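The values are calculated or read from the model by the stated rules, or taken from the named source; none is laboratory data. What you see is a predicted model, and the numbers here were worked out from it, not measured in a lab. In this analysis, Cβ positions are derived from the backbone assuming ideal geometry, glycine residues included, and neighbour counts consider all displayed protein chains.
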Amino acid sequence: MPDGAARPLLFLDVDGTLIPFGGPQSASSAPGYEAREGVNPLLSRLDPRHGTRLSALPCDLVWATAWVDDANDEIAPLLGLPALPVVDWPDSDEDGPLHWKTRVLVACADGRPFVWVDDEITDVDRAWVSAHHDGPALLYRVDPGRGLPDNDLAVIGDWLAQL
């Protein structure tokens, strides 16, 4: 996990966020994607321009995805991103309305400002973070059918700029 300065963190999910579940997109239509045998076909839905857009945000990017280290092996190169820190998900039998990532991300942030971008965030997560995190936090839910469009990145960028 990144440490040091109070630079905000951006916890980034993959499925439903960078890889939208909506409308089909062929590998040939995703700029910079070259279909390869044995490669997850959903990777063709990645927008390689996201790497530049995410890198331009004034924060430290962190993978917060079930892809864990595979995000650095499979996704980062397609987006032109360097290897990013990865949230280490402990085994958990938690069940309930609170998302399984919420407690872990607040612990990883350790009081630093953060943005969590995911397609599964609910009001329960927002309330829990508000009650248990000492710093500013933006829990930004994206529509899994369209993923993370430019206007969502602009909202996130504006929030980060106001810190």
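Just a yes or no: is a residue in segment 119-126 surrounded by fewer than 19 Cβ atoms within 10 Å (Cβ to Cβ), at negative phi, touching a Leu at 6+ places or on another chain (Cβ under 7 Å) and free of Cβ contacts under 8 Å to residues at least 24 places away in the same chain? Yes, segment 119-126 contains a residue that is surrounded by fewer than 19 Cβ atoms within 10 Å (Cβ to Cβ), at negative phi, touching a Leu at 6+ places or on another chain (Cβ under 7 Å) and free of Cβ contacts under 8 Å to residues at least 24 places away in the same chain. Within segment 13-29, at least one residue is hydroxyl-bearing (Ser, Thr, Tyr), surrounded by 19 or more Cβ atoms within 10 Å (Cβ to Cβ) and modelled with pLDDT of 85 or more. Scanning segment 132-141 finds no residues that are at pLDDT 95 or above, hydrophobic (A, V, I, L, M, F, W, C) and either under 23 Å from residue 41 (Cβ atoms) or surrounded by fewer than 17 Cβ atoms within 10 Å (Cβ to Cβ) (or both).
Go through segment 69-86 and give me each residue that's part of a loop (DSSP other than H, G, I, E, B) and either touching a Leu at 6+ places or on another chain (Cβ under 7 Å) or farther than 13 Å from residue 11 by Cβ (or both). The answer is 69, 80, 81, 82, 83, 84. In this structure, is residue 62 surrounded by 19 or more Cβ atoms within 10 Å (Cβ to Cβ), within 16 Å of residue 15 (Cα to Cα), touching a residue at least 60 places away in the same chain (Cβ under 8 Å) and touching a Phe, Trp or Tyr at 6+ places or on another chain (Cβ under 7 Å)? When the stated conditions are applied, residue 62 passes them.
Within segment 145-161, the residues that satisfy the criterion of being more than 11 Å from residue 58 (Cβ to Cβ) and in contact (Cβ under 8 Å) with a residue 40 or more places away in the chain are 145, 146, 147, 148, 150, 153.
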